[in-house]
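Here's the structure, in structure tokens; my notes come after.
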């Protein structure tokens, strides 16, 4: 997961109640301190939540964490399929080049396309240069993004379905909190949206 949301020195120790509510829903390389920061940032919007609210709040935070994870996964899936589209287009473009490159073996051309596709993925300057070249060949950034969505349709749909499921369950927890304190529920919605959406900035810029 991305860098911690707040410094670990500002995190409060987990109480007995926190431990009773269960472990963090961590997978892969996700870190406990990142979850604790996420949890603390959201919980801090509520003024001394009681035990019942904490039960609903734990569900709300865990589901928000899972939604955050799925949206990051979704962004990565789209990036990887964009790279595949770029690779396919570069292979086609390099196979049609004339001049000295004609003496290159097919394998060398393929390796060159793979190298440039990787540069497109990780290097903003290379991406701009390659995008300009592909644009001249009739492939705009929006068209390449559309092709990436078509390539990854099954994976994208699966992630979006999981997100929808988590969001429905989170809404149910939020409604229970709202029944007890409407103001706290509104603060939770605002705080969580900022934490989740803030992680997608780099992808939004790359996809434009």
Self-check item: Number of the exception - residue 164 against (1) assigned to a helix (DSSP H, G or I); (2) modelled with pLDDT under 95; (3) surrounded by fewer than 16 Cβ atoms within 10 Å (Cβ to Cβ)
Solution: (2)
Quiz item: Looking at 150, 171, which one is more than 20 Å from residue 38 (Cβ to Cβ) and modelled with pLDDT of 80 or more?
Solution: 150
Quiz item: Hey, any hits in region 68-79 for a residue that's buried (at least 19 other Cβ atoms within 10 Å of the Cβ), modelled with pLDDT under 90 and under 24 Å from residue 173 (Cα atoms)?
Solution: no
Practice problem: Answer yes or no as to whether residue 29 is at pLDDT 60 or above and either part of a helix (DSSP H, G or I) or crowded, with 19+ Cβ neighbours inside 10 Å (or both). | Solution: no
Exercise. Report yes if residue 127 is part of a helix (DSSP H, G or I) and surrounded by fewer than 16 Cβ atoms within 10 Å (Cβ to Cβ), otherwise no.
Key: no
Practice problem: Starting from region 114-139, keep only residues that are on the phi < 0 side of the Ramachandran plot and touching a residue at least 60 places away in the same chain (Cβ under 8 Å), then list their pairs with residues that are surrounded by 13 or more Cβ atoms within 10 Å (Cβ to Cβ) and not in a loop (DSSP other than H, G, I, E, B) whose Cβ atoms are within a distance under 8 Å, requiring at least 6 positions of separation or different chains. | Solution: 127/119; 127/120; 127/121; 127/206
Exercise. Return yes or no: is residue 5 at pLDDT below 50, under 22 Å from residue 185 (Cβ atoms), under 26 Å from the mean Cα position of the chain (by Cα) and buried (at least 16 other Cβ atoms within 10 Å of the Cβ)?
Key: yes
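Listed here are the residues, each with its yes/no results for (1) at pLDDT 80 or above; (2) surrounded by 17 or more Cβ atoms within 10 Å (Cβ to Cβ).
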residue	(1), (2)
23	yes, no
34	yes, yes
49	no, yes
60	yes, yes
63	yes, yes
66	yes, yes
Self-check item: Members of region 108-120 found to be closer than 14 Å to residue 88 by Cα and either modelled with pLDDT under 90 or surrounded by 14 or more Cβ atoms within 10 Å (Cβ to Cβ) (or both), listed by number
Solution: 109, 110, 111, 112, 113, 114, 116, 117, 118, 120
Self-check item: residue 34, sole failed condition from (1) assigned to a helix (DSSP H, G or I); (2) within 19 Å of the chain's Cα centre (by Cα); (3) within 24 Å of residue 161 (Cα to Cα)
Solution: (3)
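The values are calculated or read from the model by the stated rules, or taken from the named source; none is laboratory data. What you are looking at is a predicted structure, and each value in this text was computed from that prediction instead of being measured. Don't worry about glycine lacking a Cβ; one is built from the backbone with ideal geometry, like all the others, and counts go over all protein chains shown.
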